[in-house]
1. Set the Förster radius R0 to 25 Å, insert the Cβ-Cβ distance between residue 70 and residue 275 as r into 1/(1 + (r/R0)^6), and round the FRET efficiency to 0.05.
2. Tell me the Kirkwood radius of segment 173-295: reciprocal of the mean inverse pair distance over distinct alpha-carbon atoms, in Å.
3. In whole Å, how far is the Cα centre of segment 182-237 from that of segment 56-108?
4. What is segment 94-279 by shape, rounded, prolate or oblate, if you read a ≥ b ≥ c off the alpha carbon gyration tensor as root eigenvalues and call it rounded for a/c under 1.5, prolate for a/b larger than b/c, and oblate otherwise?
5. Binned at 10 Å from 0, what are the whole-percent values of the Cα-Cα distance distribution for segment 190-253, short to long?
6. Between residue 249 and residue 221, how high is the FRET efficiency from 1/(1 + (r/R0)^6) when r is the Cβ-Cβ distance and R₀ = 35 Å? Nearest 0.05.
7. To the nearest 0.05, how large is the calculated FRET efficiency for residue 104 and residue 260 if R₀ is 22 Å and r is the Cβ-Cβ distance?
8. Return the distance in nm (one decimal) between the two label points of a simple spin-label model at residue 162 and residue 149, each offset 7 Å from Cα along Cα→Cβ.
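Any read-out appearing in this document is the output of simple, stated calculations on the displayed coordinates, not a laboratory observation. Every value quoted in this text rests on a predicted model; they were computed, and no experiment measured them. Cβ atoms come from the backbone with ideal geometry, glycine included; neighbour counts cover every protein chain shown.
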């Protein structure tokens, strides 16, 4: 089994959980740094290649050489830190809520008092699972549209989300019908907007950081079908070690052009990601057919 496959498996997550629970914070940071340097020593690894492409694109294709290598190391080190923070905590809402800065933005999103349907379109920035669970423990009732046909590792993650109070439904026709009803009834649906889907045909790919990206349009279709608005959300790690949540204003769908609406939503996501590119944890290549020169 490859490293990436193991990391996303039930055994891989159980291993990460056990190590994180046992390891004190003073040891964790040097350990994560050591593992990151071992990983990045092999540029052919899928995880490293994905990080390199994504960091290069977010930089406007400006990073090169050692500067790009350093960005990749920082990005993967951040990913390890986020996993440690998530798995080091003992179960329970209090432990999770203590790690999140509960400002007005966080409280507003947790209240869900819009009086209409709303889709939270999440960037995979910061500790998105930890902050997402905190929203649930703070009182948000929402349906989470998760990865279709989840493997054992994703199923474990979904169980954590359910314990936070969410209705977790892997993407399917039935799940989309449930999401439509929830939005029409004035509820909230949460889904990611930046995890690529290789099966998206070229003509259906919106522009993201200036190039066509194999990103989903599901959130846009749901919003256009139900009249719901979209709020882009992006968790971020603060200098004090707490996690905060950035959120856009309500984005309304305009006209019948799905790609145009998707690109308006992604433009906001670009701003959030570009503000802290090392915290964009996306272990997949978002732009099919584009490669960094020399890799």
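1. Details: r = 18 Å, r/R0 = 0.74.
Step by step, r from the Cβ atoms, then E = 0.85.
2. Details: mean 1/r = 0.0634 Å⁻¹.
Hydrodynamic radius (Kirkwood, Cα pairs) of segment 173-295 is 15.8 Å.
3. Cα centroid to Cα centroid, the span is 21 Å.
4. Rounded shape, in that the Cα axes give a/c under 1.5.
5. 19, 40, 32, 9, 1
6. The value I calculate is 0.95.
7. According to the calculation, E is roughly 0.10.
8. A separation of 2.1 nm, rounded to one decimal place.
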